[in-house]
Amino acid sequence: MNLIGSSVWHLSEVDSTNTFIQRMISDKQFVGNGTILFTDFQNGGRGQQENKWESNKAENILGSFYFEPQNFLASEQFYMNMAVSLSLVNLLQNYADDIQIKWPNDIWIKQKKIAGILVENNIQGSAINYCIIGMGININQEIFDTENAISLQNILGENTSLQKIETELLSSLNYFFTLLENKEYALLKKIYREKLMGYQKWILMKDKENEGLAKIESIDEFGRIDVRWQITNELKKYQHKEIIFIRQR
């Protein structure tokens with residue numbers, strides 16, 4: 001039985017797929033566990049930290065799914081990020097090489113962003129009640145407003161079937177979310193580290209006090225990273241938005 005894709009919806013346009021599903025839940029409309037919504041266009045697409053997500057109509061994958069994890073503690077929520085990040089990496093590896101996760105959960109290739117993830121958890125007490133996970137994957141769009149973005153079309157020089165990508169995405173999500181449900185946390189963490197940009201490898205980073213070569217030495221269950229600075233040999237712990245990965249040209 002599939003955990004994700006028990007019901008698949010397609011809409012031509014919404015404000016945001018995450019917002020649309022949350023609105024249905026708030027209005028007490030039924031949303032089955034594993035339901036996924038795809039849309040051709042978002043007129044108010046959202047990314048992490050309320051950033052906007054740019055996408056031309058019917059050229060990319062835009063979707064969100066509703067998931068009710070079983071016996072899943074709020075303290076374990078970063079494993080959810082790992083599972084969805086690895087699902088996208090696994091999908092894109094069918095089409096391109098050198099796919100990396102830019103901590104915590106952006107997907108990069110050739111020093112540019114090809115996919116983004118937005119995980120929104122509803123927490124009750126110490127447990128996660130449900131989560132809505134949004135995904136944007138650049139597939140057939142050729143031109144972006146930012147030099148930071150890239151698509152499969154840019155890499156392959158040809159368009160790719162969005163329907164085919166959707167099918168492969170569901171398969172990949174079900175594989176990694178089965179690992180998550182079975183609490184295969186050590187395996188998820190191992191694969192995540194292998195795909196993590198800057199893990200045990202010197203790259204350019206910047207924080208409030210330092211700029212230069214640094215590497216990620218470890219990541220804890222809360223998603224915080226320990227970074228070693230080359231020039232001082234200092235080891236520092238960071239949460240999201242406390243350190244910047246400098247794109248190399």
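Before moving on, here are some points about what is shown:
- From ILE139, ILE143, residue being surrounded by 17 or more Cβ atoms within 10 Å (Cβ to Cβ) and modelled with pLDDT of 95 or more: ILE139
- In the set ILE203, ILE165, ILE191, ILE243, only one residue is over 30 Å from MET1 (Cβ atoms), touching a residue at least 40 places away in the same chain (Cβ under 8 Å) and surrounded by 14 or more Cβ atoms within 10 Å (Cβ to Cβ); that residue is ILE203.
- When restricted to residues that are in contact (Cβ under 8 Å) with a residue 12 or more places away in the chain and either assigned by TED's automatic domain parsing to the domain that holds GLN70 or acidic (Asp, Glu) (or both), the range 207-219 contains 3.
- Residue-level analysis places THR167 among those that are out of contact with any Lys or Arg (no Cβ under 9 Å at 6 or more places or on another chain), of a type in the set (Val, Ile, Thr) and either part of a helix (DSSP H, G or I) or assigned by TED's automatic domain parsing to the domain that holds PHE65 (or both).
- Any hit, the range 149-160, residues being in a helix (DSSP H, G or I), within 19 Å of the chain's Cα centre (by Cα) and surrounded by fewer than 21 Cβ atoms within 10 Å (Cβ to Cβ): no
- Residue selected from the range 54-106 under the condition acidic (Asp, Glu) and outside any loop (DSSP other than H, G, I, E, B), by the criterion farthest from the chain's Cα centre (by Cα): GLU76
- Just one of the listed residues (ASN122, ASN140) is among the polar types (S, T, N, Q) and without any contact (Cβ under 8 Å) to a residue 24 or more places away in the chain, namely ASN122.
- If you check ASN122, ASN60 for being assigned by TED's automatic domain parsing to the domain that holds GLU166 and either closer than 17 Å to LEU162 by Cα or touching a His at 6+ places or on another chain (Cβ under 7 Å) (or both), only one passes: ASN60.
The values are calculated or read from the model by the stated rules, or taken from the named source; none is laboratory data. This one's a predicted model, so the numbers in the text were calculated from it and none came from an experiment. Quick reminder, even Gly has a Cβ in these numbers, built from the backbone with ideal geometry, and neighbours come from all protein chains shown.
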